[in-house]
Amino acid sequence: MQAPKLAVSTCSRTALSISPRIAHRASSNMASAAAPKYDVVVKGDPEAKKLGDCPFTQRVLITLANKGIEYDQTYVDFARKPDWLMQVSGGKVPVIRQSEKGLNMPDSDVIVEYLEKEHPNPSMKSSAPAELGASFFPTFINFVKAPAEDKDATSKMEAELQAINDYLSKEGNGPLMGGANIDAKDASLAPKLYHACVACKAIKGFDIPEKYKAIKTYFDTLSSKPGWKQTLPVDGDSVIEAGWKAKVASGWSH
Ligand SMILES: N[C@@H](CCC(=O)N[C@@H](CS)C(=O)NCC(=O)O)C(=O)O
């Protein structure tokens, strides 16, 4: 995990009130009623209060759910980003806020490290190798944008998936990176891997869980965990699919 990149900053509370918020019950292991509640700024539909597609936000939501921390969500329509979000994070989500502490913290790397320090139980520290999946997201983006004849992009993508599949299949490992429980590696990697499964099937006709059995088991196991389904886009895989199709068509790079 990287060192914190950004200091905690404050922003206008009047501006914050314009965004609809919705409460989330993370799990049965609730924080005490007196504890200040986190508000997570997410991509989504502020009118319908629907969570959209962002693997970095999902990482933070999974972390909160897994630690049994109650939170609200503030939905931001990316076509109409509020000024306060531009000031706090340059327009990116996730951001976590806690009005009582004047906390406005962007960047999932920083946020999950902060949550682990503030809420050490249950620990989500991972014993999986730091390098496992470290290049997965850029490799996937390169692959999903590449023409079918780009064999290099294909073999790099397959190597990433094979390494993940091999690690999960090793005796004593799996079904999740954290074994039976979600750990920090799962919270970080699973949303990216899920985006890759959906986008690769829709755009490249490449069915990842079909080819890599431990990855299939991985998602079957995640589905039974609190904090997985509730942190995926409310309108389902079509949202992820449409997002990646638009990114590929625009020549986007991360
Ligand atoms: N390094 C950041 C990346 C966050 C990020 O890129 N979020 C995307 C959404 S998934 C975003 O807000 N992009 C701004 C935009 O598309 O306008 C983190 O880990 O939180």
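The values are calculated or read from the model by the stated rules, or taken from the named source; none is laboratory data. Only a predicted model underlies this, so the values are computations on that prediction, with no experimental measurement involved. Heads up, the Cβs are rebuilt from the backbone with ideal geometry, glycines too, and the neighbour counts pull from every protein chain shown. Heads up: the accessible areas ignore ligands, DNA and RNA and are worked out on the full protein's heavy atoms, side chains in. Shrake-Rupley method; radii C 1.70, N 1.55, O 1.52, S 1.80 Å.
When you scan the range 49-101, how many residues do you find that are away from the ligand (no atom under 12 Å from the Cβ) and either part of a loop (DSSP other than H, G, I, E, B) or over 24 Å from residue 141 (Cβ atoms) (or both)?
Total meeting the criteria: 23.
Hey, could you check the range 152-195 for residues that are in contact with a helix residue (DSSP H, G or I) (Cβ under 9 Å, 6 or more places away or on another chain) and either on the phi > 0 side of the Ramachandran plot or of a type in the set (S, T, N, Q) (or both) and say which is surrounded by the most Cβ atoms within 10 Å (Cβ to Cβ)?
For the range 152-195, the residue satisfying everything is 188.
Out of 26, 7, which single residue is within 17 Å of the chain's Cα centre (by Cα) and at pLDDT below 90?
Checking each option against the conditions leaves just 26.
So which residues in the range 85-107 are of a type in the set (Gly, Ala, Ser) and open to solvent by 10 Å² or more (accessible area, probe 1.4 Å)?
Within the range 85-107, 89, 90, 99, 102 meet the criteria.
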